[in-house]
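The values are calculated or read from the model by the stated rules, or taken from the named source; none is laboratory data. Being a predicted model, the structure only gives us computed values, none of them experimental. Every residue, glycine among them, receives a Cβ derived from its backbone with ideal geometry; neighbour counts consider all protein chains shown. Areas reflect the complete protein model, heavy atoms only, side chains present, ligands, DNA and RNA absent. Shrake-Rupley method; radii C 1.70, N 1.55, O 1.52, S 1.80 Å.
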Amino acid sequence: MTKVLVIDDEPDLVRFVRRALETESYQVLTSTNGLDGIRLAVTEQPDLVVLDLVMPGIHGEAVLSALMAQDPSMRVLILSATGDVQLRISCLEQGAVDFLAKPFAVRELIARVRSRLQENATSRRRDTLQVGDIVLDLQARQLLVDGKSTPLSQREFLLLLHLMRNPDTVCSRQELLSEVWGYDFDPATNVVDVCIGRLRAKVRPDLIVTVRNVGYQLQSA
């Protein structure tokens with residue numbers, strides 16, 4: 001049976017969501033605090049976590065970070081009333097697969113849960129991306145070079161993923177800032193260059209080419 005973990009400090013909402021998901025034949029685990037939620041996620045290995053952000057004790061973003069550190073392939077759907085756009089972007093960049101704002105329609109919640117679970121089943125069948133002799137494990141979020149696993153930070157993973165999805169294509173600096181950091185403007189920072197430098201140290205340095213005054217290109221051969 002497909003297992004869903006709901007972490008939210010509002011008991012009434014937890015009961016409501018639990019009943020709604022159980023009508024769809026999901027096995028539902030619940031927690032009303034972040035620390036207990038992390039423990040359940042680690043021990044029960046749910047197929048999907050539905051996570052609130054604003055909770056007493058430990059904030060939901062810290063819970064998300066802990067879950068991603070434990071298992072980068074864990075799928076987390078954020079369910080929150082926060083209107084902070086930057087916080088939403090941060091959660092998605094850290095690995096959350098969706099963000100549904102409160103208040104919500106129960107039919108939309110069920111539809112999103114179903115969709116994210118279907119994506120999970122598909123991704124298990126198509127869990128690597130290869131360009132030339134480098135392989136990116138999309139579930140573990142790790143780089144495989146000559147069969148050896150190399151860990152990546154969240155930004156490194158997102159940056160390499162974008163480059164590998166666009167091999168032999170020049171990706172502009174602004175494009176990378178938008179796709180990886182969520183900036184719709186150039187904040188006059190060298191974060192792209194620094195992250196590229198770290199990636200080059202983990203792959204062959206000549207694979208990622210600098211295109212002067214434009215951006216970067218990942219070569220497929």
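Some observations on this one:
- Amide H within-cut-off set for residue 28, under 5 Å, with H built and near neighbours excluded: 4
- Computed on protein heavy atoms with a 1.4 Å probe, the accessible areas place 179, 108 in the order 179, 108, largest first.
- Viscosity 1.306 mPa s, temperature 10 °C, Stokes-Einstein D of the range 1-99 from Kirkwood C-alpha radius, µm²/s: 120
- Global form of the range 139-194, assessed from the alpha-carbon gyration tensor, a/c cut-off 1.5: prolate
- Extended-chain gain in nm, criterion 0.36 nm per residue less alpha-carbon gap, residue 153 and residue 114: 11.2 nm
- Neighbour net charge for residue 204 - beta-carbon separation under 13 angstrom, K R +1, D E -1: -1
- Approximate shape of the range 1-44 as ellipsoid semi-axes (Cα gyration tensor, √5λ), whole Å, largest first: 17, 14, 4
- Magnitude of the charge dipole for the chain, about its Cα centre and with charges confined to Cβ atoms of Lys, Arg (+1) and Asp, Glu (-1), is about 440 debye.
- A Gaussian network model of the chain, with springs between Cα atoms under 10 Å, assigns the largest mean-square fluctuation among 167, 103, 205 to 103.
- Rounded to the nearest 500, the helix-only mean residue ellipticity at 222 nm of the chain stands at -13000 deg cm²/dmol, with each DSSP H run of n ≥ 4 adding -39,500 (n - 2.57).
- Placed amide H near residue 152: partners under 5 Å, 5+ positions off or other chain: 143
- Counting only Cβ charges, +1 for Lys and Arg and -1 for Asp and Glu, the dipole size of the range 42-158 around its Cα centre is about 360 debye.
- For 204, 141, 212, 19, the ranking by accessible surface with the largest value first comes to 212, 19, 204, 141, using a 1.4 Å probe.
- Probe 1.4 Å, protein heavy atoms only - accessible area per residue of the range 9-135 in square angstrom: 49
- Degrees between helix 60-70 axis and first principal axis of the chain (Cα, 0 to 90, nearest 10): 60
- The range 65-221 - Debye-derived log10 I(q)/I(0), Cα point model, q = 0.13 Å⁻¹: -0.69
- Near the amide H of residue 220, within less than 5 Å, lie the amide hydrogens of 168, all on another chain or at least 5 residues away, with H placed in the peptide plane.
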